[in-house]
Amino acid sequence: MKNILVIGSINVDYVIYTERLPKLGETLNGKDFAMNFGGKGANQAVALSKTGCNVKMLGAVGKDLSGELALNNLKSFGIDTSDVIVADAPTGAAVITVCGGDNHIILDIGANACVTPEVIAEREALFDWADFVVMQYEIPMESVLFAAHMTKKHGKKVVLNPAPVKEADPALYACVDMIIPNEFEAQLITGIEPKDEKSTEEAIRALQALGCSDAVVTLGKRGCAYTEGGEIRYAGIYNVKVVDTTAAGDSFIGGLCKSLSEGKSMTEAVVYASAVSSVTVSRPGAGVSIPTACEVEEFLKTHHIGD
C-alpha cells in the first residue's frame, strides 16, 4: 500500500437545501440544515483513507470549536493529522446551498491561508514518506508551487486538482504528473470548452502542452476523458439517483489515486474512481457520504458503467 500526502484545505461546511435559489434580496425557507466537515483537501484525504490508503494531512485549522471538530473528524477516519497546524485564524468555512441535486458554494479560506511555503518547508520529511502528493487550490498558490517543486525534488508524483480554478505560475504545470480538472476548470485553464469529443481531446492535449504529463477531465453526466499510454480514452457513468454532488469530484480523485497507487491501469483506476463518486453523490453530505473500500466493492458487483 502506498503512502499519500494530501496538502490542502480543511473546512467546515454549512449546508441547507432549497427547492430553488433566492432572487436578490429575497428570503426563502430552506430545510435539512447541517454542519458537515469538508474542504477539498480534507475530502480527498477522507476518500483516500476510507478506501484503504495510508494518508497524512498537511493543512491548517483555527483556534475555534470548528477547528477542533474538524481535526477530530479527520482522526476518526484514520488520517494522520500530526502536521495540521492550529493557526490564529478562523477555520475555513463553506456555505453551501443544495438545489435540485446541484450545489452552490461560497468559501472563506480562513486558516487555510496559513499553509505557507515556510510551513511546508519545515515538514520536508513528509515528502520522503509520501509516494503521491495530492493538492488543490484552496491554499495559497505560492504554497502549491513550492510543494510541487518539493515533491519533484524528492522524486515523488504530483497529483493536482486545479480547483477552485485560479491563474497559476506556468512552472507549476511542468511539475504535475496528473492534472484532474472538471470540464469548467479545463476550459478556464486552456480556453477550450470540452463540449464534444473533438474539443475534449483538444483541451486534454492543451493541458499536456502546458507541461502536465497526464490528464483526467471529468465531464459530469458524460463521464470523463483521460490519457493512457499516449491515447485519449473515455469512460461513461454509473446511473444512480443523485442526492448531493458536494464531494463528487473529491471522492473521484481519492478513488483514482488509490487505484493508481496500487499499480492499477488508468482505465481500471477510472472505473473504480467513478464507482466511488457514484456512491458519494447518492448520499447527502461531504466526507460522510464517501464510501469505504468494502462499499465500493459491493457497488461494483451490482453496477456497470452505462447501466
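A few notes on this one:
- Where Val243 falls short, out of the listed (1) at pLDDT below 95; (2) on the phi > 0 side of the Ramachandran plot: (2)
- Condition check for Leu188: aliphatic (A, V, I, L, M), under 19 Å from the mean Cα position of the chain (by Cα) and more than 24 Å from Phe132 (Cβ to Cβ): yes
- Residues that are among the aromatic types (Phe, Trp, Tyr) and surrounded by fewer than 16 Cβ atoms within 10 Å (Cβ to Cβ), drawn from the range 23-59: Phe33
- Residues of the range 91-133 that turn out to be part of a helix (DSSP H, G or I), closer than 30 Å to Gly220 by Cα and more than 18 Å from the chain's Cα centre (by Cα), as a count: 1
- In the condition set (1) touching a residue at least 24 places away in the same chain (Cβ under 8 Å); (2) crowded, with 21+ Cβ neighbours inside 10 Å; (3) out of contact with any Phe, Trp or Tyr (no Cβ under 7 Å at 6 or more places or on another chain); (4) more than 22 Å from Gly100 (Cα to Cα), Ser289 is compliant with all but (4).
- Given (1) within 20 Å of Thr267 (Cβ to Cβ); (2) of a type in the set (D, E, K, R); (3) modelled with pLDDT of 95 or more, number of the condition Lys152 does not satisfy: (1)
- Positions within the range 16-38 being at pLDDT below 90 and either part of a loop (DSSP other than H, G, I, E, B) or of a type in the set (S, T, N, Q) (or both), in sequence order: Asn36
- Scanning the range 197-211 turns up no residue that is assigned to a strand (DSSP E or B), over 30 Å from Ile16 (Cβ atoms), without any contact (Cβ under 8 Å) to a residue 60 or more places away in the chain and small (Gly, Ala, Ser).
The values are calculated or read from the model by the stated rules, or taken from the named source; none is laboratory data. The structure presented is a predicted model; accordingly, all values stated were derived computationally and were not measured. Cβ sites come from the backbone with ideal geometry, for glycine too, and all protein chains shown count toward neighbours.
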